[in-house]
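Quick notes on the structure that follows.
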Amino acid sequence: MRGDHMLDKIEENIYELPIGYKEGMRVPGRIFISESLLEMVEPGTIEQVANVATLPGIVKYSMAMPDAHLGYGFPIGGVAAFREDGGVISPGGVGFDINCGVRLLRTDLTVDEVKPLISDLIESLFEEIPSGVGATSRLHVSDSELTEAFIAGARWAVEQGYGTDEDLEHCEENGCLKGADPSQVSAKARKRGRPQFGTLGSGNHFLEVQYVGRIYDEDIAKRFGLFKGQVTVMIHCGSRGAGHQICTDHLEVLSRAVRKYNIDLPDKQLACAPIGTPEARNYFGAMAAAANYAWANRQIIAHWTREVFAKYFGDVEMPLVYDVAHNVAKIEEHMVDNRLERLYVHRKGATRSFGPSRKEVPSDYRGVGQPLLIPGSMGTPSYVLCGQDRALELTFGSACHGSGRIMSRSQAKKTYRGADVRASLQREGIKVMATEPAVLAEEAPEVYKPSHEVVEVVHALGLAKKVAQMIPLGVSKG
Amino acid sequence: MRYEFLEHTADVKFRAYGSSPEEMLKNAALAMFSVMIDIETVRPESVWEVELEAEDLEGLAYRWLSELLFLFSAELAVFSDFDISLSHDGAWRLNARVRGEHIDRKRHSFETEIKAVTLHQFEVRPGDSERPWMLQVVLDV
C-alpha cells in the first residue's frame with residue numbers, strides 16, 4: 001500500500017497513524033490489521049482515518065478494524081467515540097444504511113437433513129421474503145404502525161406476532177435503540193419506508209442457509225447453542241429506504257450546522273453537530289428511529305424464515321443466536337483515563353464486541369460475552385465470534401463486521417458473469433437465487449478479502465474469540 | 001464527454017460535465033441512473049415535475065440527485081430525460097420536467113441499487129469558455 005510508510009507499527013497487528021500526518025488531527029489513528037491485509041488497504045482509507053481524527057471531542061484514537069476499506073466519511077470498518085461534553089455526532093460515522101446488521105438463527109436440524117431439500121428451500125425463501133431493487137413488502141403497515149415500529153423496534157414486531165420475547169433478549173440493545181424521535185422522520189422517509197418494511201433489499205444483503213462446519217471453542221459454542229453439522233440461517237439487511245432518506249435529510253441539516261458552529265471539516269460527509277445542540281439531538285432521534293426500523297425488519301424476516309422452515313420440517317425450533325448492528329452510533333459507558341464516561345460510539349462497518357464483564361451481554365451468555373456475527377462473501381464461510389474484554393481496552397468494545405471489498409463493482413462486472421458465478425457455486429453444492437444476475441457478478445466471492453484472515457487478526461488481538469465457522473448451503477440475494 | 005466513472009472499491013464515483021450548470025445536472029442524473037439500469041430501456045412516457053431551492057449550486061445539485069433517488073424509490077419509476085431550468089437571485093432554484101416510466105420488470109433489468117448520494121468529495125467546479133462545468137459525486141451502493 002502506498003502511504004503505509006506513514007504508519008508506525010506499535011505491536012503485532014496494531015499500526016498507528018501519528019497526529020502530524022494531517023493538519024487538524026486531534027488524536028492519532030489506530031489501524032488493527034495484519035501486514036498482509038494492510039497491503040490491500042487503499043491509501044484513501046488511511047486518509048479517511050485521518051479525517052475522522054480531526055473531529056471535535058474524539059477520544060483516544062480514530063480507529064479502523066482489519067476489514068477496513070475505502071468508504072465515504074468514515075472508512076468502512078471505522079470506529080470513533082466522542083465525549084458528551086465537546087464531542088460531535090456525525091452521520092458520516094453511521095452511513096446511509098442505518099443499522100445495517102446481521103442476525104443468526106439456529107435450528108435443531110443437521111446438514112444431512114436439509115441438504116437434499118436445499119434447492120426447494122432456497123426457492124421458497126426467495127419467494128416468501130421479498131428482495132431486489134424496488135421490491136415491496138407483503139406487510140401493509142399504516143402510518144401509525146410505522147411510528148410504533150420507529151419507537152419500539154423489534155419489540156413492535158414481536159407484539160404483532162412476529163417472534164418471541166426470547167428473540168428480543170438476543171438482540172443488541174434488545175432490538176430497540178432508546179431515544180427514537182419519529183417527529184424527526186420526514187414524510188419522504190415514511191413514504192419510502194412503508195412499502196419496504198419487511199424486505200431484504202439488494203446489493204450485498206442476503207439470507208443464507210448454512211451449517212456449522214467447525215467449532216473452535218466447544219464451551220462457548222454450547223452456550224450459544226451451536227454444534228457441528230447444525231443448520232443455521234444468517235440474515236443480513238438494514239433500514240432500507242427509510243434509513244437512506246433519514247440520513248440524506250439530516251445530512252443537509254448537519255451541513256448547515258457545521259457552518260453555524262464553525263466546525264472545520266476535511267470531508268463534507270463528516271457533517272456533524274456538537275452533542276447537545278438541537279441538530280445533533282434531532283439527528284440522533286431520527287437515526288435511532290431508523291435503527292429500530294431495521295431491527296423490526298430483521299425480526300419480521302426471521303419470522304417468515306421460520307414459517308418457510310416449518311413448511312419443510314414441521315415443528316422446528318429456530319431460536320435467535322444474536323442480532324448485531326454494524327452501522328450505528330450509540331451512547332455507551334467506557335473507561336477513559338480510569339474514569340467511566342458516557343461516549344457516543346460510532347461504528348461504521350464495525351461490530352460491537354462486548355466481553356463477559358459488560359452488563360449489556362444477554363443473561364444466558366453472561367460470563368462468556370456477546371456473539372459477533374461475521375458474514376463471509378457469497379459462497380465463503382461465515383463466523384461466530386465471542387466478545388472479549390480486551391476489546392474494551394483497545395477499541396471501545398469493537399471488532400470487524402465482514403471481510404471487505406477489494407474489487408470495485410464495475411471491475412467485478414467486467415471480470416465475472418453472473419451466470420458463471422452461479423454455476424461455479426452450484427458445482428460446490430451452493431444453491432443461489434437472485435433477482436438480477438448482475439448482483440451475482442458484483443458479489444462474486446473473489447471481490448472480497450478472505451474473511452478468515454480478518455477473523456484471525458481479531459482473534460489474535462483478543463478483540464473477539466473464534467467460536468464457530470459456518471459453511472453456506474444456499475443463498476437468497478437481492 | 002457527458003460523464004465518466006472513476007475507480008472506487010466499494011461505491012460508485014463519477015464526474016458529470018456540461019457547458020452550463022443545467023447540462024451538468026442533466027448529465028449527472030443520466031450518470032446516476034445508468035448505474036442502475038440501461039437508460040435505453042426506459043421509455044419517457046410519463047412526466048414528473050421537480051421544484052427545488054438551495055443556497056448554492058452545490059447544495060442544489062445534492063438535492064436534485066437525492067430527489068431523483070427519492071422518486072425512483074417512492075414511485076418505483078425510472079427516468080431517461082431531464083429538462084432543467086435554473087435561476088438564481090441569491091438562492092438557486094431548479095424547475096425540471098423529468099420523463100420516464102414506472103418500473104416494468106419484464107423490460108427493466110437492474111444492476112447495482114443506489115442507496116444514496118453522499119457528500120464525500122461532492123464538488124461542483126464552475127466552468128469557463130475553455131473547460132465545461134463539472135460535478136463530482138460518490139454514490140453509496
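Observations on the structure shown:
- Residue within segment B:36-46 that is free of Cβ contacts under 8 Å to residues at least 60 places away in the same chain and aliphatic (A, V, I, L, M) present: yes
- Top-ranked residue in segment B:107-137 [being within 13 Å of another protein chain (Cβ to nearest Cβ) and assigned to a strand (DSSP E or B); ranked as farthest from A:SER131 (Cα to Cα)]: B:VAL124
- Qualifying residue in segment A:441-450 (condition: within 26 Å of A:GLY134 (Cα to Cα), touching a Gly at 6+ places or on another chain (Cβ under 6 Å) and within 14 Å of chain B (Cβ to nearest Cβ)): yes
- Segment B:18-45: number of residues that are open to solvent by 40 Å² or more (accessible area, probe 1.4 Å) and either acidic (Asp, Glu) or in contact with a helix residue (DSSP H, G or I) (Cβ under 9 Å, 6 or more places away or on another chain) (or both): 5
- A Cβ distance below 9 Å, combined with a sequence gap of six or more or placement on separate chains, defines the contacts here; from segment B:57-69, residues that are more than 12 Å from chain A (Cβ to nearest Cβ) reach residues that are at pLDDT below 95 and surrounded by fewer than 20 Cβ atoms within 10 Å (Cβ to Cβ) in the pairs B:LEU57/B:HIS88; B:LEU57/B:PRO126.
- Of all residues in segment A:429-478, those that are of a type in the set (Gly, Ala, Ser) and outside any helix (DSSP H, G or I) total 9.
- The test for being buried (at least 22 other Cβ atoms within 10 Å of the Cβ) and over 19 Å from A:GLY349 (Cα atoms) holds for A:LEU17.
- Restricting attention to segment A:33-91, the residues that are away from every other protein chain (no Cβ under 14 Å), part of a helix (DSSP H, G or I) and among the hydroxyl-bearing types (Ser, Thr, Tyr) add up to 1.
- Selection status of B:VAL78, at pLDDT below 95 and either open to solvent by less than 20 Å² (accessible area, probe 1.4 Å) or among the β-branched types (Val, Ile, Thr) (or both): no
- Condition met for A:ARG358 (part of a loop (DSSP other than H, G, I, E, B), of a type outside the set (Ser, Thr, Tyr), away from chain B (no Cβ under 14 Å) and under 28 Å from A:ALA280 (Cβ atoms)): yes
- Residues being open to solvent by less than 10 Å² (accessible area, probe 1.4 Å) and within 10 Å of chain B (Cβ to nearest Cβ) - total across segment A:249-262: 2
- Tallying residues that are more than 14 Å from chain B (Cβ to nearest Cβ), in a helix (DSSP H, G or I) and surrounded by 24 or more Cβ atoms within 10 Å (Cβ to Cβ) within segment A:263-279 yields 0.
- Hits in segment A:400-419 (condition: assigned to a loop (DSSP other than H, G, I, E, B) and modelled with pLDDT of 90 or more): A:CYS400, A:HIS401, A:GLY402, A:TYR416, A:ARG417
- Members of segment A:74-121 found to be closer than 24 Å to A:PHE150 by Cβ and small (Gly, Ala, Ser), listed by number: A:SER90, A:GLY92, A:GLY93, A:GLY95, A:GLY101
- Residues of segment A:93-137 satisfying the condition of being buried (at least 20 other Cβ atoms within 10 Å of the Cβ), aliphatic (A, V, I, L, M) and assigned to a helix (DSSP H, G or I): A:VAL114, A:LEU121, A:ILE122, A:LEU125
- Within segment A:72-92, residues that are hydroxyl-bearing (Ser, Thr, Tyr) reach partners that are at pLDDT 95 or above with beta carbons closer than 6 Å, at six or more positions or on different chains, in the pairs A:TYR72/A:GLN269; A:TYR72/B:THR118; A:TYR72/B:HIS120; A:TYR72/B:VAL138; A:SER90/A:LEU270; A:SER90/A:CYS272.
- Total residues in segment A:384-399, condition open to solvent by less than 10 Å² (accessible area, probe 1.4 Å) and either modelled with pLDDT under 95 or not polar (S, T, N, Q) (or both): 8
The values are calculated or read from the model by the stated rules, or taken from the named source; none is laboratory data. This structure is a prediction, so every number in the text was calculated from the model and none was measured. Cβ: placed from backbone, ideal geometry, glycine included. Neighbour counts: every protein chain shown. Heavy atoms of the whole protein, side chains included, go into the accessibility calculation; ligands, DNA and RNA do not. Shrake-Rupley method; radii C 1.70, N 1.55, O 1.52, S 1.80 Å.
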